[in-house]
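One structure is given below, encoded as structure tokens.
The values are calculated or read from the model by the stated rules, or taken from the named source; none is laboratory data. Keep in mind that what you see is a predicted model, and the values were worked out from it rather than measured. Don't worry about glycine lacking a Cβ; one is built from the backbone with ideal geometry, like all the others, and counts go over all protein chains shown. When the accessible area is computed, the model is the full protein with side chains, heavy atoms only, and any ligands, DNA or RNA have been set aside. Shrake-Rupley method; radii C 1.70, N 1.55, O 1.52, S 1.80 Å.
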Amino acid sequence: MTRVIGSRFVREGFVSMHIHTAVIIGSGFGGQCAAKALLDRGIDDLVILERRPFLGGTWKQNRYPGAAVDVQSPLYSIASEPFEWTRMFAEREELDRYTQHVLDSNGLPARTHANTDVQKIEWVGDHWAISTSRGEYAAKFVVNASGPLSTPVVPLFPGREKFQGKQFHTNDWDTGYDHDGKRVAIVGSGASAAQVIPAIQPDVEQLHVFQRTPHWVMPRHDREFTPWQRRLLKLEPIRRLVRAGIYWSLELASSASSTRGRC
């Protein structure tokens, strides 16, 4: 039973005297952008709920060999958060540093409650009641930035339970496992597989890749930026031009690919 009483609510015996303006679910780039946009507009009564013990989402979580961004770094970043990228396609360690930079520069760690898994949300008259693994929250607005790829999904294919070797998803890579000299099978050929395969191939005894549908693989024209290029990329006019150039080149490539597919 729920009863609304002025600016507080009573729900199953719980009483909260404060209704936040906004609660954001997830502390990855989506949650960071939402929080930054609210703060820039003077809305500072917000809380970020993060189910994991750490903040930052994808690039704090993924630790598989070869992890890197697959969109050019100057574009794969928040427009209002410049960064001195060291290379065109940043690797996980640099993306980790960028994520922490965005969190710290906007004061988001102090606004984030980690180890807080959202379990239920319901509308109770004039606000949202949010049940979590660590208690109850209330908010006028809820922003869902939980991320569609934050939980590993492994198909229940026959025989998997009988496999006696080590097995794990790239999203949940066991950094303590030594794969050197082992016979390794990669199931799938998506973005993470395309990065893991060349990273571990020189170290394993045998490597088998199982894929359902072949993918088109294009060369990744990566390069390191010189110190003066890194400084130039932080200058507003140049940074905007570079971002626009990368954006429209990707859009044109996508458009050309779609056109070929209809022929």
Residues of the range 92-116 being without any contact (Cβ under 8 Å) to a residue 40 or more places away in the chain and surrounded by 17 or more Cβ atoms within 10 Å (Cβ to Cβ), which ones?
-> 92, 94, 95, 98
Would you mention how many residues in the range 203-221 are of a type in the set (Val, Ile, Thr), over 20 Å from residue 68 (Cβ atoms) and in contact with a strand residue (DSSP E or B) (Cβ under 7 Å, 6 or more places away or on another chain)?
-> 0
Kindly check whether there is at least one residue in the range 110-131 that is outside any helix (DSSP H, G or I), closer than 30 Å to residue 199 by Cα and either in contact with a strand residue (DSSP E or B) (Cβ under 9 Å, 6 or more places away or on another chain) or at pLDDT 95 or above (or both).
-> no
Which numbered condition residue 184 fails, given (1) loosely packed, with under 14 Cβ neighbours inside 10 Å; (2) in contact with a strand residue (DSSP E or B) (Cβ under 6 Å, 6 or more places away or on another chain); (3) under 30 Å from residue 206 (Cα atoms) | (1)
Search the range 117-152 for residues being without any contact (Cβ under 8 Å) to a residue 40 or more places away in the chain and under 19 Å from residue 58 (Cβ atoms), and hand back the single one that is least open to solvent (accessible area, probe 1.4 Å).
-> 152
Helices (runs of 4 or more DSSP H) (entirely within the range 172-263) containing at least 1 residues that are more than 26 Å from the chain's Cα centre (by Cα) | 227-232, 236-261
Within the range 60-99, restricting to residues that are under 16 Å from residue 27 (Cα atoms) and β-branched (Val, Ile, Thr), the one that is modelled with the highest pLDDT is 99
Selection from the range 24-45 of residues surrounded by fewer than 17 Cβ atoms within 10 Å (Cβ to Cβ) and among the charged types (D, E, K, R) yields 40, 41, 44, 45
Within the range 214-239, the residues that are without any contact (Cβ under 8 Å) to a residue 60 or more places away in the chain and open to solvent by 80 Å² or more (accessible area, probe 1.4 Å) are 214, 215, 216, 217, 218, 219, 227, 228, 235, 237
Pair list, Cβ < 6 Å and 6+ apart or interchain, from the range 31-60 residues that are at positive phi to residues that are outside any loop (DSSP other than H, G, I, E, B) | 56/99
Starting from the range 197-213, take each residue that is free of Cβ contacts under 8 Å to residues at least 60 places away in the same chain and more than 13 Å from residue 185 (Cα to Cα) and list its partners that are open to solvent by less than 90 Å² (accessible area, probe 1.4 Å) and not in a strand (DSSP E or B), counting only C-beta distances under 6 angstrom and pairs at least six apart or across chains.
-> 203/180
With the condition kept exactly as written, say whether any residue in the range 143-165 is at pLDDT below 90, under 30 Å from residue 201 (Cβ atoms) and aromatic (Phe, Trp, Tyr).
-> yes
Selected residue (criterion: nearest to residue 63 (Cα to Cα)) from residues of the range 153-170 that are surrounded by 10 or more Cβ atoms within 10 Å (Cβ to Cβ) and hydrophobic (A, V, I, L, M, F, W, C) | 168
